[in-house]
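J.: Have a look at this one.
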Amino acid sequence: MHLPVIFKVLSLLSAIVSLSMVLPLGWSLWDGSSDGKAFLLSISAGLIFSAVLFMAGKNADYNDIGVKDGFLVVSLSWIFASLIGALPFYISGTIPTFAGAFFESASGFTTTGASVLSDIEAVPRGILFWRSLTHWLGGMGIIVLSLAILPFLGVGGMELFKAEVPGPIPEKITPRIQQTALYLWGVYAFLTVAETVLLLLGGMNLFESLTHTFGTVATGGFSPLNRSVGQYGSAYFDWIITVFMFLSGINFVLHYRLLRGHFRPLARDDEFRTYLWIVLFCIAVISADLLFRGNYDSIAEALRYSAFQVVSIITTTGFATADFELWPSFTQLILLLLMFAGACAGSTGGGMKILRLLILSRHTRAELKRVLHPHAVISVKVGGKVIDTRIQSSVTSFLILYVAVFIAGVFFMTSLGMDMESAMSGVAASLGNVGPGLGSLGPMDNYSAVPEAGKWLFSLLMLMGRLELYTVLLLFFPGTWRK
Amino acid sequence: MNGFLVAKFLSFITGIVSLSMIWPILWAHFDGSGEVRSLVISMILGLTFSGLLFVAGRHHTDYKTVGIRDAFAVVSLSWIFASVVGALPYYIYGMAPAYTDAFFEAMSGFTTTGASILTDIEAHPKSLLFWRGLTHWIGGMGIIVLSLAILPFIGVGGVHLFKAEVPGFGLEKMTPRLHQMAIRLWGIYFGLTAAQVILLLLGGMNLFEALTHSFSTIATGGLSPLNKSIGHYNSPYIEWVTTFFMFFSGVNFVIHYRFLLRQSGAYRDDEEFRLYAFIVLFSILFTAAVLLLRGYYVTIEEAVRYSAFQVISIITSTGFCTTDYELWPVSVHFLFILLMFAGGCTGSTAGGIKSLRVLALARHVRAGLASCLHPQGQFQTKIRGKTVSQDALASVTAFFILYLVVFIAGALFMAALGVDFVTAVSSAAASIGNTGPGFGTVGPTENFFHIPAAGKWVLSLLMLLGRLELYTMILLFSPRTWKK
């Protein structure tokens, strides 16, 4: 463990987060609203904090970052970012308790999109812009962002990158980590601009286009409107956002290849194909169920609403255009399962990730074969490549951990007196970074009634989910702290 | 696949099941009150069926050639045929209005699930209720194990059959000879049953109820001849006796055997038993504390007694109840659903995932975390001091994944039939775990009668999948099994 370097990296991150508040400050100055002061205070507090950390680690060498330091830096930077990000909500008085403000901020950075605000439209635009900006910063990853803009992190950056983007199979676009980070942010920026332009063309104003785009591309889910995207009642907006949510759920490495004119990697990618099939299958089944039970009359409507909701949930965005709590329980159960599935590895989506599910299913199939042929050597392949037993066992233990954390979370929430459906869906939605759940936490409700202890737990679950468990869990593992 | 051999085995099994109807017939005769006609007709039908199968498989005599694939077919089909025959008395008498209901009740009996479609149990003839209890007892230790015990000529060929019915990983053999092992397992089983019957008789229960409740307890079944299950008696003595026997029926029978051989520390030294005991203790304390805090019970004795009974009934997948725990707090409901998944020990009569697998999964995760910190390190998973091989671990993780997948598929199917969320999820969990009652509209004081027919078939399938620990049944549906 190298404390000085940990402090130094945390100092840089806190500074980045604090400085990015300049953008919402601009909106509140433009509007002349009261929240400008809150932003000025928050920026100063964040910068002072950053300076103190910098002093503590001023002699550090970035090449010192080891495996354990990586886990520590990444977990702590997300916690610190959420702490600093919570300041404007708390100082401006938009959210009365700090637990609530932290929840909102953690929900923003982890791109969960669960909110404690009941009347969103009554909140000043600066605050709402900040809320959505946290999505955008967190979507591609705070660490990836800093790797892209701070070239001097160098070799040590690799451990940080692995701790923040721990996908089951390590994948790099280029051997140099800084360049990989730059390319990823390039793709991200491209998607953001494209969606903003398309929304503007549909007649949405600039503020709402930007905030909705941040929420979409980061697969976050915060909307500046009380009834989310459903408020427009516009098929054009629904479909544009559906498409961009879907795109944001694809591995960004594939986007990068696609932007450079290579179509084959996408068409041949096992994970992408599975993702596409799951999405299409669920849309078909849910549309059929909705038509059959009479929730909608026309096929076009059933398709539009089911496509939006399915894509919003599987990419763990959490926007809503319909109150799916009024849908049949079969459909609700499918949506709940999609919260666990999540989108592709290397995308901005949360959940367990399709690639892991693919490995798990192939692993199980191989095992069934082995029962019939006890002496055969059977390998597990994804995308034509053999997945070695080490990766298989890390994926199976990820599944077990995911289930175990989910169980512990539900146990805690039901002990606080929450009903079963809300607790199960709320924990699944937090851990999967989705946002809205079912029961009392549905798409038309919010998290304000959750007890304080529950809000802290949900915040922790969001962080665990965003960093794909290991990074945060290792903080609680005695081996990490042993010399 | 050898069709003749499969037919011949199935003929034995249906023969054994049909002949065991002699006990309820004798009971009815001795009691002088009961319904005999439906049982006699069922027995004749069953024996005819068995005869036909025997004729179909008459060319086959060599039992040593039972292969893995034959074993999957024999074991899965035996359980299905046993339920088909076992359902006849209910249907012929009219206790179950449709054959679906009768089959559900029989499957629930043989797989020791204990889910029932009967609304007013006490209104039915005792002979049929006796049969219901007996199906538990026959299925508890396993139909195949029973036939291995009474048909010594199966010999070596029985190995694959035994493994297909009792696939618990890491299950040791007690003796090298299968026939002897089956006899010993049944010996312990019989001993436990006799002990409980005597203790219940001493508590003032009549012979009929003592027998049926013991069948149900030792097999961790859960069907009771009384509407209010064990809660009917309102007697702490009977409740504690039942709690005690449920707990021990959830322990690996090999360990009971070692204990009987006077190996001191047979229980204490077993890691699986320790985990099982720990989960049970923790759950009882948690439940009792919650119940006391929320004011459900006033005295500690009552809170502990009720929570111990319910917790052990659920974790051993028995499904008896002494109170309507649906009225208890939600956190306890959730704990109970988890216990349905956990289940008892391998090699016991209990269902669920089993403690040994839970232990292996936990150790596997711990090794996974350690290898995150030390990417170059080699970490081994150990149980009972022995390293668990990569193959064994892979088979446990695959089992866990399959369990989740089958559970999810079952819950989705139930929800698609229009059943509400809690009922769909808990009925699937309770069926695959062989527990019996769930939550929602299939709670401990309710029954499964109102579930749509398609749902009853799926739940029956889930019970069988759970009882045979997935692989055997899933491979039956795999095209590879049927390839030459």
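The values are calculated or read from the model by the stated rules, or taken from the named source; none is laboratory data. The structure displayed is predicted, hence computed values, not measured ones. FYI the Cβ positions are ideal-geometry reconstructions off the backbone, even for glycines, and counts take in every protein chain you see. Ligands, DNA and RNA are excluded from the accessible area calculation, which covers all protein heavy atoms including side chains. Shrake-Rupley method; radii C 1.70, N 1.55, O 1.52, S 1.80 Å.
J.: Just the number, please: buried accessible area between B and A, total of both chains, 1.4 angstrom probe, nearest 100 square angstrom. Mind dumping the intermediate values first?
T.: Working: alone 19690 and 19730 Å², together 35130 Å².
Summed over both sides, the interface buries about 4300 Å².
J.: With a bin width of 10 angstrom, please list the P(r) values of the range A:1-45 as percents of all Cα-Cα pairs, from the 0 bin to the one holding the largest distance.
T.: Using 10 Å bins, I get a P(r) of 27, 38, 21, 11, 3 for the range A:1-45.
J.: What's the local net charge at B:Ile312, with K and R +1, D and E -1, over the other residues with C-beta under 14 Å away?
T.: Values: positive: B:Arg305; negative: B:Glu239.
Around B:Ile312, the charge tally is 0.
J.: Using the 2.2 N^0.38 Å rule of thumb for compact globular proteins, work out how chain A stacks up: its C-alpha Rg over that value, please.
T.: For chain A, the normalised Cα radius of gyration comes out at 0.94.
J.: Relative to the compact-globule scaling 2.2 N^0.38 Å, provide the ratio for the alpha-carbon radius of gyration of the range A:252-339. All intermediate terms of the calculation are to be shown ahead of the outcome.
T.: Details: Rg = 15.0 Å, N = 88, 2.2 N^0.38 = 12.1 Å.
Normalised by 2.2 N^0.38 Å, the Cα Rg of the range A:252-339 equals 1.25.
J.: Let me ask another. Under a crude label model (7 Å from the Cα following the beta-carbon direction), how far is A:Glu452 from A:Leu326 in nanometres?
T.: That separation, rounded to one decimal, is 3.7 nm.
J.: Okay, next question. At 0.692 mPa s and 37 °C, plugging the Kirkwood radius over alpha-carbon pairs of chain B into Stokes-Einstein gives what diffusion coefficient in µm²/s?
T.: On the way: Rh = 22.8 Å.
Translational diffusion coefficient: 144 µm²/s.
J.: Something else about it: Using a 1.4 angstrom probe, figure out how much accessible area the range B:13-95 has per residue, in square angstrom, rounded to the nearest whole.
T.: On the way: 3680 Å² over 83 residues.
Per-residue accessible area for the range B:13-95 comes out at 44 Å².
J.: A:Phe263 to A:Leu41: FRET efficiency via 1/(1 + (r/R0)^6), r the Cβ-Cβ distance, R0 35 Å, to the nearest 0.05? Let's see the in-between values first.
T.: Numbers: r = 50 Å, r/R0 = 1.43.
Here the calculated transfer efficiency is 0.10.
J.: Here's a follow-up. Suppose only helical runs count, i.e. DSSP H with n ≥ 4. What mean residue ellipticity at 222 nm does that imply for chain A under -39500 (n - 2.57) per run, divided by all residues and rounded to the nearest 500 deg cm²/dmol?
T.: Working: 22 runs with 314 residues, N = 483.
So the helix-based figure for chain A works out to -21000 deg cm²/dmol.
J.: While we're on this one: If you roll a 1.4 Å probe over the heavy atoms of the protein chains, what accessible area per residue do you get for the range A:3-223, in Å²?
T.: Numbers: 7710 Å² over 221 residues.
Here the per-residue accessible area is 35 Å².
J.: What is the Cα coordinate range of the range A:3-223 on the first, second and third principal axes, sorted by size from largest, in whole angstrom?
T.: Each principal axis gives a Cα extent; for the range A:3-223 these are 48, 37, 27 Å.
J.: Which positions within the range A:346-381 get 50 Å² or more of their accessible surface covered by the other protein chains, compared to the chain by itself, with a 1.4 angstrom probe?
T.: When all protein chains are present, A:Thr364, A:Glu367, A:Leu368, A:Val371, A:Leu372 each give up 50 Å² or more of accessible surface.
J.: Below 15 angstrom from the Cβ of B:Ser50, what's the summed charge of the other residues (Lys, Arg +1; Asp, Glu -1)? All intermediate terms of the calculation are to be shown ahead of the outcome.
T.: Details: positive: B:Lys8, B:Arg58; negative: none.
Charge balance in the 15 Å sphere: +2.
J.: Considering the range B:198-331, what Rg and Dmax in Å follow from its alpha-carbon atoms?
T.: Looking at the range B:198-331, its Cα Rg and Dmax stand at 15.5, 46 Å.
J.: Classify the range B:328-484 from the C-alpha gyration tensor, please: rounded if a/c falls under 1.5, else prolate or oblate depending on whether a/b exceeds b/c.
T.: On the way: a/c = 2.33, a/b = 1.58, b/c = 1.48.
Note, shape of the range B:328-484 comes out prolate.
J.: Roughly how large, in nm² to one decimal, is the mean projection of the convex hull of the alpha-carbon atoms in the range B:82-236?
T.: Working: hull surface 41.1 nm².
Directional mean of the projected Cα hull area for the range B:82-236 stands at 10.3 nm².
J.: Name the shape class, rounded, prolate or oblate, that the alpha-carbon gyration tensor gives for the range A:185-292, where a ≥ b ≥ c are the square roots of its eigenvalues, rounded holds for a/c under 1.5, and otherwise prolate holds if a/b is larger than b/c and oblate otherwise. Could you put the intermediate results ahead of the total?
T.: Details: a/c = 2.34, a/b = 1.14, b/c = 2.05.
Here the range A:185-292 falls in the oblate category.
J.: To continue, here is another question. After finding the eigenvalues of the alpha carbon gyration tensor for the protein assembly as shown, what semi-axes result from the square roots of 5 times each, listed largest first in whole Å?
T.: Details: eigenvalues 598, 168, 148 Å².
Equivalent ellipsoid of the protein assembly as shown: 55, 29, 27 Å, largest first.
J.: Count charges around B:Lys456 for me, please; just the other residues with Cβ under 15 Å from its Cβ, Lys/Arg as +1, Asp/Glu as -1. Intermediate results must be reported in sequence, preceding the final value.
T.: Values: positive: none; negative: B:Asp101, B:Glu105, B:Glu446.
Here the charged neighbours net out to -3.
J.: What residues in the range B:334-349 lose 20 Å² or more of accessible surface when the other protein chains are added to their chain alone (1.4 Å probe)?
T.: So the qualifying set is B:Phe334, B:Leu338.
J.: May I pose another question? Once you place label points 7 Å from the Cα toward the Cβ at A:Leu23 and B:Lys382, how far apart are they in nm?
T.: My value for the distance between the label points is 5.3 nm.
J.: Among the helices of chain B (complete DSSP H runs), which have Cα atoms covering no less than 27 Å along the helix axis and a Kyte-Doolittle mean of at least -0.5? Could you put the intermediate results ahead of the total?
T.: Working: long enough: B:37-56 (29 Å, 1.86); B:68-93 (39 Å, 1.29); B:178-202 (36 Å, 1.44); B:271-293 (33 Å, 1.85); B:355-373 (28 Å, 0.97); B:390-416 (38 Å, 1.94).
In chain B, the long hydrophobic H runs are B:37-56, B:68-93, B:178-202, B:271-293, B:355-373, B:390-416.
J.: I've got another one for you. Can you run the Rg to Rh ratio on the range B:20-166? Use alpha carbon positions and the Kirkwood inverse-distance Rh.
T.: Details: Rg = 16.3 Å, Rh = 16.3 Å.
Ratio value, two decimals: 1.00.
J.: Report in % the part of the accessible area of the range A:252-339 that belongs to carbon and sulfur, leaving out ligands and nucleic acids; probe 1.4 Å.
T.: On the way: 2340 of 3750 Å².
Ligands and nucleic acids excluded, carbon and sulfur give 63 percent.
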